[in-house]
Amino acid sequence: MDFMEYLQNRHNLIKGVKEIGKNSARQYNNRLKNLKGKKIYNGEQTLNDQMLVRIKSYYKDTTNHYPRTIEYYIEFLKYNNQLL
């Protein structure tokens, strides 16, 4: 399962979370690619203050989509590790 599939199925995997549609999953995936491309996120297992500072320097992110993207991706990595 890739990141976009995980996001679209997340509501089935984790009780009580809101469903994420296909377009939103695509946007989260694009945000993740941008975060990796700008070297803001490099595979860390936690979201840290340095990442938040760098996000604020690149993006006007009043909705916190970029930090949430990292949190969802870390959650996805942990889910994949449980399956191994």
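The values are calculated or read from the model by the stated rules, or taken from the named source; none is laboratory data. Predicted model only: the values in this text are computed from it and were never measured. So basically every Cβ, Gly included, is an ideal-geometry build from the backbone, and we count neighbours across all protein chains shown.
Which number in (1) part of a helix (DSSP H, G or I); (2) closer than 26 Å to Asn9 by Cα; (3) among the hydrophobic types (A, V, I, L, M, F, W, C) marks the one condition that Ile55 misses?
Unmet condition: (2).
Each row is one residue, and each column tells you yes or no for (1) hydrophobic (A, V, I, L, M, F, W, C); (2) surrounded by 12 or more Cβ atoms within 10 Å (Cβ to Cβ); (3) on the phi > 0 side of the Ramachandran plot.
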position: Lys15; (1), (2), (3): no, no, no
position: Ile20; (1), (2), (3): yes, yes, no
position: Tyr28; (1), (2), (3): no, yes, no
position: Arg31; (1), (2), (3): no, yes, no
position: Gly43; (1), (2), (3): no, no, yes
position: Val53; (1), (2), (3): yes, no, no
position: Tyr58; (1), (2), (3): no, yes, no
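Return a yes/no flag: does segment 68-82 have any residue that is modelled with pLDDT under 95, part of a loop (DSSP other than H, G, I, E, B) and either surrounded by 13 or more Cβ atoms within 10 Å (Cβ to Cβ) or over 10 Å from the mean Cα position of the chain (by Cα) (or both).
Within segment 68-82, not a single residue is modelled with pLDDT under 95, part of a loop (DSSP other than H, G, I, E, B) and either surrounded by 13 or more Cβ atoms within 10 Å (Cβ to Cβ) or over 10 Å from the mean Cα position of the chain (by Cα) (or both).
Could you list, in sequence order, all residues of segment 2-42 that are over 18 Å from Ser57 (Cα atoms), in a loop (DSSP other than H, G, I, E, B) and touching a Phe, Trp or Tyr at 6+ places or on another chain (Cβ under 8 Å)?
Result: Ile20, single match.
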